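Student: So that we are looking at the same thing, I have put the structure below in structure tokens.
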Amino acid sequence: MLPALLALTAPAAAPLDPLTADEMNLARRILIRANRATKATRFPGLWLDEPSKEAVAAKTTARTAFAVLYEPAKNTSFEARIDLRRKTIASWRELKNVQPLVLQQEYVTADEVVRADPQWRAAIRKRGLTKLDDIHLEPWAPGLVEGVEGHNRRLMKVLTFLRGQSTNPYARPIEGLIAVVDVNAKKVVRLEDTGVRPVPKESGDYTGKVAPLQPLLVSQPKGASFRIEGHSVRWDRWRFRYAYHPREGLVLHQVSFANRPILYRASLSEMSVPYGDPESTWNWRSAFDVGEYGIGILGSSLEPGSDVPRHATLLDAVLPSDDGTPRSLPRAVAVYERDGGVLWRHWDFVTGKTVSHRAQELVIGFMTAIGNYDYMVNYAFRQDGTISVDADLTGIMLAKGVPATKEPRHSSDATGHLVAPNVSAPNHQHFFSFRLDMDVDGADNNSVMESNTASAGADNAFTMRETALESEQTAMRDMDLAAARKWRVVNPGRRNRLGQMPGYALIPGENSVPYAQPDAEVRRRARFVDHHLWVTRYRPNELYSAGDFPSLNPRIEGLPNFIQDDESLVSQDVVLWYTLGVTHIPRPEDWPIMPTHRTGFKLIPVSFFDRNPTVGSAPRPASRR
Ligand SMILES: [Cu+2]
């Protein structure tokens with residue numbers, strides 16, 4: 001019946017390697033053979049079902065695929081685990097009242113359905129526009145749709161722009177017009193039209209030349225210092241594995257330094273981008289780019305010489321198509337070394353001599369383009385044990401068409417700012433939720449300390465006090481500048497030679513608090529924004545801070561549920577969830593395209609070593625207590 005299936009010998013993948021193209025095909029064929037799928041079945045999810053930590057430690061050879069299936073004919077969704085070794089379905093369940101990730105075809109369908117809708121056409125004519133080919137439609141995951149029985153339908157909300165011949169589809173919003181589309185029933189279920197507004201005139205073209213500078217090239221005459229074998233990367237004393245995940249984009253696994261484990265898994269778990277404009281056509285906008293769209297699926301091929309340095313090593317990824325067959329994303333991930341500034345230096349006053357070392361950093365990163373915005377996530381490893389996690393924000397801001405061509409005199413309380421005549425960009429925030437499964441010197445014996453610094457009362461004395469965050473519900477924490485607050489994951493079972501617990505600290509950088517009301521719809525699904533830090537005890541199925549299916553989901557999901565049982569965090573396997581918020585008050589300089597804004601945080605060793613690990617021979621590892 002399926003000779004190809006039987007003949008397929010599984011490739012020798014490491015336990016955490018992403019599904020290969022063959023494995024994706026195999027998973028799909030197993031489902032079809034078991035009558036769980038047909039050619040019409042769509043696959044909003046198909047990726048590796050990651051084996052447990054214990055299984056990975058035991059060098060499991062199991063390969064299991066995780067699939068989310070959508071049946072358009074019946075409008076039903078299912079979740080399956082497929083054992084690729086035994087060629088059986090290991091688990092199967094129907095998903096109720098949730099909507100899996102947007103399918104690629106659904107963007108096309110939404111566009112076609114709106115374009116054909118007589119009411120929408122009338123709304124366009126009402127605005128004096130005649131050429132439908134000039135219109136750009138932008139389908140969005142809908143948030144929660146009030147007044148429409150939502151969560152059992154494949155709904156999208158479609159924004160309208162005048163593109164014309166411009167390279168910039170977003171420069172001329174056709175304001176106040178939103179079509180709510182059922183992409184499965186293929187019909188507009190509601191047209192929201194809040195009245196005709198001026199359509200901005202400037203085309204917002206951004207393809208003109210940038211004034212050139214002389215070339216700046218990095219030369220590595222003896223080649224790079226890193227080695228990549230399969231999905232394993234080694235550089236200096238660092239070692240880690242990478243995977244490209246359809247939902248999360250780049251995922252790092254098993255990060256270690258000098259053979260000492262630090263971080264078992266790192267990923268961008270979720271995002272939420274709430275817009276601060278109270279109008280009904282705006283107040284629902286809060287893109288969950290990971291859980292609604294899939295930042296990996298929307299990943300961009302990296303351009304050497306612009307997206308990444310010319311000397312970068314570029315790695316391809318395999319992604320599932322809508323029908324579950326594999327497709328390649330060429331140049332999905334970049335690995336390269338870059339200049340790291342001064343590693344350390346000192347000029348000696350007596351001898352007049354300088355001892356100084358130049359640092360290098362190893363960078364691994366990917367880019368994703370979610371409609372108008374482009375994001376890059378980079379992990380940079382330093383020789384001193386630092387991991388710097390950076391998120392770059394660029395692309396085109398979402399803007400609205402307004403009557404004003406000059407900023408009103410009293411604009412201090414405005415919810416947006418003019419960036420061009422008749423174009424106002426609403427204030428908005430970008431919240432990133434990073435999931436950091438820490439394994440400092442091992443998986444099972446980690447605790448989380450919070451450090452707060454305060455004046456000690458006498459003269460200039462001040463002290464730092466470290467206290468343990470003992471359980472999940474006491475570990476919802478916020479930044480505090482007055483206390484120079486930081487968090488550190490320690491291994492209480494070990495000591496360095498100074499008798500200190502080895503640890504890795506999370507050093508926040510830029511951050512924000514949410515400005516939407518706590519009960520606002522945009523925050524109901526994004527509870528992770530309530531705190532900068534959450535800590536949970538490791539559970540393999542707790543991967544997404546806003547839950548597995550945030551789209552159209554009215555229930556509280558994710559972190560608030562994970563901490564319900566208030567598990568102990570003392571000498572456990574712990575996971576840090578760091579919320580990083582960027583408050584974006586738009587500037588004219590962000591238009592028509594936004595210069596890259598870099599934000600991020602760091603993980604740095606604190607007592608993990610007993611001295612600067614780059615000086616002389618290797619420092620000794622922490623000993624058992
Ligand atoms: Cu922004």
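Student: Hey, can you tell me all the residues within the stretch 397-430 that are aliphatic (A, V, I, L, M) and within 10 Å of the ligand (Cβ to nearest atom)? Give the steps one after another, and end with the answer.
Tutor: From the stretch 397-430, those aliphatic (A, V, I, L, M) are 397-399, 402, 404, 414, 418-420, 423, 425; that's our starting set.
The answer is Met397, Leu398, Ala425.
Student: Follow-up. Mind checking which pairs have a first residue in the stretch 446-474 that is within 13 Å of Ser568 (Cα to Cα) and modelled with pLDDT of 95 or more and a second that is of a type in the set (Ser, Thr, Tyr) and outside any strand (DSSP E or B), Cβ under 6 Å, 6 or more apart or different chains?
Tutor: Every condition considered, the pairs that remain are Ser447/Ser571.
Student: How many residues are in a loop (DSSP other than H, G, I, E, B) and touching a helix residue (DSSP H, G or I) at 6+ places or on another chain (Cβ under 8 Å) when one looks only at the stretch 427-438? Please lay out each step first, then the result.
Tutor: The first filter runs over the stretch 427-438 and keeps only residues in a loop (DSSP other than H, G, I, E, B), leaving 427.
Next, only the ones that are touching a helix residue (DSSP H, G or I) at 6+ places or on another chain (Cβ under 8 Å) stay: none.
Residues in the stretch 427-438 being in a loop (DSSP other than H, G, I, E, B) and touching a helix residue (DSSP H, G or I) at 6+ places or on another chain (Cβ under 8 Å): 0 in total.
Student: Restricting attention to the stretch 518-527, does a residue exist that is over 15 Å from Met271 (Cβ atoms), surrounded by fewer than 20 Cβ atoms within 10 Å (Cβ to Cβ), assigned by TED's automatic domain parsing to the domain that holds Trp284 and within 18 Å of the chain's Cα centre (by Cα)?
Tutor: No, the stretch 518-527 contains no residue that is over 15 Å from Met271 (Cβ atoms), surrounded by fewer than 20 Cβ atoms within 10 Å (Cβ to Cβ), assigned by TED's automatic domain parsing to the domain that holds Trp284 and within 18 Å of the chain's Cα centre (by Cα).
Student: Could you tell me which residue of the stretch 103-156 is surrounded by the most Cβ atoms within 10 Å (Cβ to Cβ), considering only residues that are touching a residue at least 24 places away in the same chain (Cβ under 8 Å) and at positive phi?
Tutor: Checking each candidate, the answer is Gly143.
Student: Still on this structure: With respect to the numbered conditions (1) within 16 Å of the ligand (Cβ to nearest atom); (2) under 11 Å from the mean Cα position of the chain (by Cα), which one is the sole condition not fulfilled by Ala287?
Tutor: (2)
Student: Which of the following residues is modelled with pLDDT under 95, among the β-branched types (Val, Ile, Thr) and either closer than 27 Å to Ala425 by Cα or touching a strand residue (DSSP E or B) at 6+ places or on another chain (Cβ under 6 Å) (or both): Val308, Val333, Val290?
Tutor: After applying the criteria, what remains is Val290.
Student: Answer with yes or no whether Leu580 is of a type outside the set (Phe, Trp, Tyr), within 30 Å of Pro169 (Cβ to Cβ) and at pLDDT below 95.
Tutor: Details: of a type outside the set (Phe, Trp, Tyr): yes; within 30 Å of Pro169 (Cβ to Cβ): yes; at pLDDT below 95: no.
Considered against the rule, which asks whether it is of a type outside the set (Phe, Trp, Tyr), within 30 Å of Pro169 (Cβ to Cβ) and at pLDDT below 95, Leu580 comes out as no.
Student: Starting from residues that are more than 23 Å from Thr614 (Cα to Cα) and not aromatic (Phe, Trp, Tyr), keep the ones in the stretch 355-372 and report whichever is surrounded by the fewest Cβ atoms within 10 Å (Cβ to Cβ).
Tutor: Applying the filter and picking the extreme gives Ala369.
Student: Right, Ala443: farther than 21 Å from Ser388 by Cβ, assigned to a strand (DSSP E or B) and touching a residue at least 60 places away in the same chain (Cβ under 8 Å) or not?
Tutor: no
Student: So, in the stretch 446-495, how many residues would count as being under 17 Å from Arg537 (Cα atoms) and not in a loop (DSSP other than H, G, I, E, B)? Full working, then the answer.
Tutor: Initial filter on the stretch 446-495 (under 17 Å from Arg537 (Cα atoms)): 446-450, 468-477, 487-492.
Then drop every residue that is not not in a loop (DSSP other than H, G, I, E, B), which leaves 446-450, 468, 471-474, 477, 487-490.
Residues that pass the stated criteria total 15.
Student: If you don't mind, there's one more thing I want to ask. Could we say that Val273 is β-branched (Val, Ile, Thr), within 16 Å of the ligand (Cβ to nearest atom), surrounded by 18 or more Cβ atoms within 10 Å (Cβ to Cβ) and not assigned by TED's automatic domain parsing to the domain that holds Ala40 here? Before the answer, list the steps.
Tutor: Numbers: β-branched (Val, Ile, Thr): yes; within 16 Å of the ligand (Cβ to nearest atom): yes; surrounded by 18 or more Cβ atoms within 10 Å (Cβ to Cβ): yes; not assigned by TED's automatic domain parsing to the domain that holds Ala40: yes.
For Val273, the condition - β-branched (Val, Ile, Thr), within 16 Å of the ligand (Cβ to nearest atom), surrounded by 18 or more Cβ atoms within 10 Å (Cβ to Cβ) and not assigned by TED's automatic domain parsing to the domain that holds Ala40 - is met.
Student: May I pose another question? Of all residues being more than 16 Å from the ligand (Cβ to nearest atom) and not hydroxyl-bearing (Ser, Thr, Tyr) in the stretch 431-440, which is surrounded by the fewest Cβ atoms within 10 Å (Cβ to Cβ)? Just the residue, please.
Tutor: Step by step, filter the stretch 431-440, then rank; the result is Phe434.
Student: Which count do you get for residues in the stretch 315-354 that are part of a strand (DSSP E or B) and either out of contact with any Phe, Trp or Tyr (no Cβ under 9 Å at 6 or more places or on another chain) or hydroxyl-bearing (Ser, Thr, Tyr) (or both)?
Tutor: The first filter runs over the stretch 315-354 and keeps only residues part of a strand (DSSP E or B), leaving 315-320, 326-347, 354.
Imposing the further condition that a residue be either out of contact with any Phe, Trp or Tyr (no Cβ under 9 Å at 6 or more places or on another chain) or hydroxyl-bearing (Ser, Thr, Tyr) (or both) reduces the set to 326-328, 330-331, 336, 338-347, 354.
Final tally of qualifying residues: 17.
Student: Separate question: Condition first: in contact with a Phe, Trp or Tyr (Cβ under 7 Å, 6 or more places away or on another chain) and among the acidic types (Asp, Glu). Now tell me which residues in the stretch 525-543 satisfy that.
Tutor: Once the filter is applied, which keeps residues that are in contact with a Phe, Trp or Tyr (Cβ under 7 Å, 6 or more places away or on another chain) and among the acidic types (Asp, Glu), the stretch 525-543 yields only Glu542.
Student: Something else: Run Gly352 past the list (1) on the phi > 0 side of the Ramachandran plot; (2) surrounded by fewer than 19 Cβ atoms within 10 Å (Cβ to Cβ); (3) small (Gly, Ala, Ser); (4) touching a strand residue (DSSP E or B) at 6+ places or on another chain (Cβ under 8 Å) and report the number of the one that doesn't hold.
Tutor: Evaluating Gly352 over (1) on the phi > 0 side of the Ramachandran plot; (2) surrounded by fewer than 19 Cβ atoms within 10 Å (Cβ to Cβ); (3) small (Gly, Ala, Ser); (4) touching a strand residue (DSSP E or B) at 6+ places or on another chain (Cβ under 8 Å) leaves (4) as the failure.
Student: Filter the stretch 373-414 down to the residues that are over 16 Å from the mean Cα position of the chain (by Cα) and polar (S, T, N, Q), then identify the one that is farthest from Asn612 (Cα to Cα).
Tutor: Thr405
Student: Let me ask you something else. Tell me, which residue of the stretch 334-392 that is within 16 Å of the ligand (Cβ to nearest atom) and of a type in the set (Val, Ile, Thr) is farthest from Ser225 (Cα to Cα)?
Tutor: Ile370
Student: Continuing with the same structure: List the strands (runs of 3 or more DSSP E) that sit entirely inside the stretch 188-287 and contain at least 2 residues that are at pLDDT 95 or above and within 24 Å of Pro595 (Cα to Cα). Please lay out each step first, then the result.
Tutor: Numbers: elements: 226-229, 232-235, 238-245, 249-257, 260-274.
Those strands (runs of 3 or more DSSP E) span 249-257, 260-274.
Student: Pairs only if they're at least six apart or on different chains, beta carbon under 6 angstrom, first in the stretch 269-294 and under 16 Å from Leu543 (Cα atoms), second of a type in the set (A, V, I, L, M) and in a helix (DSSP H, G or I); list them, first residue then second.
Tutor: Glu270/Val290; Met271/Val290
The values are calculated or read from the model by the stated rules, or taken from the named source; none is laboratory data. Please read all numbers here as calculations on a predicted model, not as lab measurements. Cβ sites come from the backbone with ideal geometry, for glycine too, and all protein chains shown count toward neighbours.
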